[in-house]
1. Multiply the residue gap between PHE97 and THR125 by 0.36 nm, knock off their C-alpha separation, and tell me the result in nm, one decimal place.
2. Run lengths n ≥ 4 of DSSP H only: what is the helix-derived mean residue ellipticity at 222 nm for the chain, with -39500 (n - 2.57) per run over all residues, to the nearest 500?
3. According to a simple spin-label model (label point 7 Å from Cα along Cα-to-Cβ), what is the distance in nm between GLU181 and GLN21?
4. Which one of GLY45, PHE127, PRO173 has its Cα pushed farthest toward the positive end of the charge dipole of the chain, where Lys and Arg give +1 and Asp and Glu give -1 at the Cβ?
5. Place the peptides 153-164, 27-38 in order of packing, highest mean first, counting for every residue the other Cβ atoms within 10 Å and averaging per peptide.
6. Using a cut-off of 14 Å between beta-carbons, work out the net charge of the residues near SER12 (Lys and Arg +1, Asp and Glu -1, SER12 not included).
7. 5 Å is the cut-off here: which amide hydrogens, built 1.01 Å from N in the peptide plane, fall below it relative to GLU92, excluding neighbours closer than 5 in sequence?
8. Dipole size in debye (nearest 20) for the chain around its Cα centre, Lys and Arg Cβ +1, Asp and Glu Cβ -1?
Amino acid sequence: MSEAVPVLEAESLRVAYGGNQALDLPRLALGAGELVGVVGANGAGKSTLVNALLGWSRGRPSVSGRVRLDGEDISALPTHERVRRGLLLVPEGGAVFARLTVAENLAASADRMTDRAYTEEEVFTLFPRLRERLDHTGGQLSGGERQMLAIARALRLGPRALVLDEPSIGLAPRLVVSVLETVRRLVDERGLSVLLVEQNVRAALEVVDRLVLIERGRVLAEGPVAAMRDDPRIIQAYLGEGAA
């Protein structure tokens, strides 16, 4: 039986700035209905990975390798074309329109919706708080509410693969749990494929299927979450415990 084609795949993805290697990733694959976590400390290469997947080029880096969406090579496509094909990013801090209301934020993407798009009712079911805040502007929302709105806006565009970049930044622990549990529901109930790029390793371990640990732009360890949870490198560096 042939192996299923990953929804999102990066192969031999390398990024360098002025000759300095910032990312050297042999392969990263995200399957259908899978939640994969990419974790590491500040400066590990997580943002470089996100930028390379989305086709951003800050600082004129040298980028090589392949990025595929549903088996199609999108490496040469600009960012807006990757988004149009279903590779959606919720950036760090949850980018929303600060001067628009919640209702207007959700409506702003209506002209780009596809048949994969989530309805407003579906996103309100996932995030009931947004229904209560419809007339509030993005600038009036709390950090958790902005994160909910940013995810809802991405869902309205109908993602094939959703990349969440540091969704826990600036959120109280209980809100981190709530947001990530909702993401887990999207994976389990809707079959959404999610790449969670996160510094909060403890939170990621609670929701992901597989974990990839990167340091200095390279994969240090990867595997099913059950095995990675017991990895001494994870325990010592990120969980604040002595190695088993």
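1. Values: separation 28, 0.36 × 28 = 10.08 nm, distance 2.17 nm.
Fully extending the segment from PHE97 to THR125 adds 7.9 nm.
2. -9000 deg cm²/dmol
3. 4.2
4. GLY45
5. Put in order of decreasing packing, that is 153-164, 27-38.
6. Local net charge: +1.
7. For GLU92, the qualifying residues are ASP165.
8. 600
Throughout, read-outs are computed from the coordinates displayed, never taken from laboratory work. Values in this document were obtained by computation on a predicted structure and should not be read as measured data. Positions of Cβ are generated from backbone atoms using ideal geometry, with glycine treated the same way; all protein chains shown enter the neighbour counts.
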